[in-house]
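Please read the structure below before turning to the comments.
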Amino acid sequence: MDQFTLNLLFVGASFALYIGIAVWARAGSTSEFYAAGRGVHPVTNGMATAADWMSAASFISMAGLIAFTGYDNSSYLMGWTGGYVLLALLLAPYLRKFGKFTVSEFIGDRFYSGTARMVAVICLLVASITYVIGQMQGVGIAFGRFLEIDAFWGLLIGACVVFAYAVFGGMKGVTYTQVAQYCVLITAYTIPAVFISLQLTGNPIPAMGLFGSTESGEPLLAKLNQIVTDLGFAEYTAAHGSTLNMVLFTLSLMIGTAGLPHVIMRFFTVPKVSDARWSAGWTLVFIALLYLTAPAVGAMARLNISELMWPNGTSGEAVSVEAIESDPEYAWMATWQKTGLLDWEDKNGDGQIQYYNDANAELQERAAANGWEGNELTNFNRDILVLANPEIANLPGWVIGLVAAGGLAAALSTAAGLLLAISSAVSHDLLKGQLTPNMSEKNELLAARISMAAAIVVAVLLGLNPPGFAAQTVALAFGLAAASIFPALMMGIFSTRINNVGAVAGMLAGLVVTLLYIFLHKGWFFIPDTNSFTDDNPLLGPIKSTSFGAIGAMVNFAVAYVVAGMTKETPQEIKDLVESVRIPRGAGAAAADH
């Protein structure tokens, strides 16, 4: 059976499972659509949340960014896992005890203001739509490769699939679909990693193989360091970027995690407050299975790619064009070339493809002596690395098909969760909560599904020209959530001093300054070539656009406290409400449903 047919079988079988579950668990009420009827077991919810969380950025993009940068991009791992600790300790149980459907509803009630709820909806929509762009980007890449079509058509096909099962199922359908998707994606991620770790180090546990030795007895990381520095790239295990930027970036990812509406919504689906805390704990366990493997996947893939491009060693001759075109070991390159995400060019006509860092001054002498005219691996999109990894390592066809299904499961599960957050913000918070309070439940569900469809269209249009790789685009969304939503939630739970005016001013200030900083570096509304700065040459010293969310959060806190201090004090009944949410007494019986 050829690889294309195998891919279709794996992807088709997994999709049939997801859509079948969505139909079986179809939401019939607003409670089931928004919160799955509040009857999800903590372990089930933990698995669903992990799938919701481990998006295209985690599955497809993160290992690629680590592979081509090394230690500096380990902050993705630290930020995203650390954020769940914050979420479990500081937010999840209190928000569940408050007993609302959405983040915006909590902010509106806590800050006794329809305006605060509206501003929260705006912040949520901006962060969630930015996040969906990254997911649709991953969907396009995955579909493009495994249907062997251009990534543009892959993006359109993926959008239709997301629409099919997210719109019909609501939170109830998505919850059980995501449990299935977690099982698919974690299996698809770990099996190739185990194979490759065994190939390179003889150790079946990738995280241990990373610090093990190759067949020659040389430590794997030492060998990788030697190869990449020989080719003019930065040392893999050393820090090269600004420490300040790395700290701000990690902090931005952490507090962005704790402020992401589509993740917080998952904790509204459990029966009791204590279950919310247990759900967060189980989520960390399920996430750790992938995150402990990702650094090994990145390092081993980088080693395999470097050795494929230089089969005779870095001091010998590079791979020949003939080998790329005829050797089955290099067949993956021609397949990925069809997607437009991988390309090469024999610039000097010597019949070989030299892969090296042509921007490295120390390598110029060697390049001139050998007649090289620049790096000839002209395009290697970081987002293809995990999906291409089994092919690069020459693993069996069924493993490649499994990874196809896993990559799509990761992207689609998070896209569905985000679309639910967007639809609930529009239908429940904006329409039902503010504009048309007498709307029937049937019309509210219809509005939720229409707004979800509209969000998919926007995400597809913006996903055609994303502001970075999938993980980088997602990092921007985290920054926006960190700057706008997280401070409002923290102050809403732990400070009776912040009033409605302070909360609104803080959210707007954090959102606006962060959006401006991102647009100045990534282009206005992510339109290419409209930027004034780049992340290689940022506006504020070493602080990149992906790290600015932490600064935006500080602005939010500062503005909220200053404005609250200058305006009318929080009413006593709201202070009492805040105290009742924080006190554990009676936490077993959460606030009743609507």
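The values are calculated or read from the model by the stated rules, or taken from the named source; none is laboratory data. Because the structure is predicted, anything quoted here is derived from the model rather than measured. All Cβ positions, even for glycine, are placed from backbone atoms using ideal geometry, and neighbour counts span all protein chains on display. Quick note on the areas: whole protein, heavy atoms, side chains included, nothing else; ligands and nucleic acids left out. Shrake-Rupley method; radii C 1.70, N 1.55, O 1.52, S 1.80 Å.
Set the Förster distance to 51 Å, then compute FRET efficiency between Ser580 and Met1 from the Cβ-Cβ distance, nearest 0.05.
The formula returns an efficiency of 0.25 here.
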Practice task
Using label points projected 7 Å from each Cα along Cα→Cβ, tell me how many nm separate Met554 and Thr567, to one decimal.
Solution key: 2.4 nm
Completion exercise
Residues meeting the amide H criterion for Ser213 (H placed from the backbone, H to H distance under 5 Å, 5 or more places apart or on another chain) are Leu220
Handout entry: Distance from region 70-106 to region 438-502 (C-alpha centre basis), Å
Key = 15 Å
Problem - Distance in nm between pseudo-label sites at Leu156 and Gln434 (7 Å out along the Cβ direction from Cα) - result: 3.5 nm
Practice task
Roll a 1.4 Å probe over the protein heavy atoms and report the accessible area of Arg582 in Å², nearest 10.
Solution key: 70 Å²
Problem - Relative packing of peptides 559-568, 366-375 - highest average C-beta neighbours within 10 Å first - result: 559-568, 366-375
Handout entry: Cβ-derived FRET efficiency at R0 45 Å, His41 paired with Glu218, nearest 0.05
Key = 0.40
Completion exercise
Expressed in square angstrom to the nearest 10, the accessible area of Glu365 with a 1.4 Å probe stands at 150 Å²
Completion exercise
Proximal lysine pairs in the chain, meaning Cα under 28 Å and 8 or more positions apart or interchain, come to 23
Practice task
Please identify which residues in region 389-421 have an amide N closer than 18 Å to a label point set 7 Å out from the Cα of Val23, following the Cα→Cβ vector.
Solution key: none
Exercise for the section: Would you tell me the accessible area of Lys338, worked out with a 1.4 angstrom probe on the heavy atoms of the protein chains, in Å² to the nearest 10? Expected result: 120 Å²
Problem - Stretchable slack from Met208 to Leu540, in nm (0.36 nm times residue separation minus alpha-carbon distance) - result: 115.6 nm
Practice task
Decide, for region 302-378, between rounded, prolate and oblate: order the square roots of the alpha carbon gyration tensor eigenvalues as a ≥ b ≥ c, take rounded if a/c falls under 1.5, and otherwise choose prolate if a/b is larger than b/c, else oblate.
Solution key: prolate
Problem - the chain: calculated mean residue ellipticity at 222 nm from DSSP helix runs of at least 4, using -39500 (n - 2.57) - result: -21500 deg cm²/dmol
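Sorted by packing (mean other beta-carbon atoms within 10 Å per residue), highest first, where do 134-143, 155-164, 212-221 land?
134-143, 155-164, 212-221
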Fill in the blank from the handout: At R0 = 22 Å the Cβ-Cβ FRET efficiency linking Leu244 and Leu516, nearest 0.05, sits at 0.60
Problem - Net length gained if the chain between Ala13 and Gln199 were fully extended (0.36 nm per residue, minus Cα distance) - result: 64.0 nm
Practice task
If a/c stays under 1.5 just call it rounded; otherwise compare a/b with b/c (prolate if a/b is bigger, oblate if not). Do that for region 390-430, with a ≥ b ≥ c from the square roots of the Cα gyration tensor eigenvalues.
Solution key: prolate
Practice task
Rounded to whole Hz and in sequence order, give me ³J(HN,Hα) for region 267-277 from the Karplus expression 6.51 cos²θ - 1.76 cosθ + 1.60, θ = phi - 60°, writing x for Gly and Pro.
Solution key: 7, 7, 8, 8, x, 10, 5, 4, 5, 5, 5
Completion exercise
In terms of the alpha carbon gyration tensor, root eigenvalues a ≥ b ≥ c, rounded if a/c is under 1.5 and otherwise prolate when a/b exceeds b/c or oblate, region 109-225 is prolate
Exercise for the section: Could you order Thr187, Thr335 so the one with the most accessible surface comes first? Probe is 1.4 Å. Expected result: Thr187, Thr335
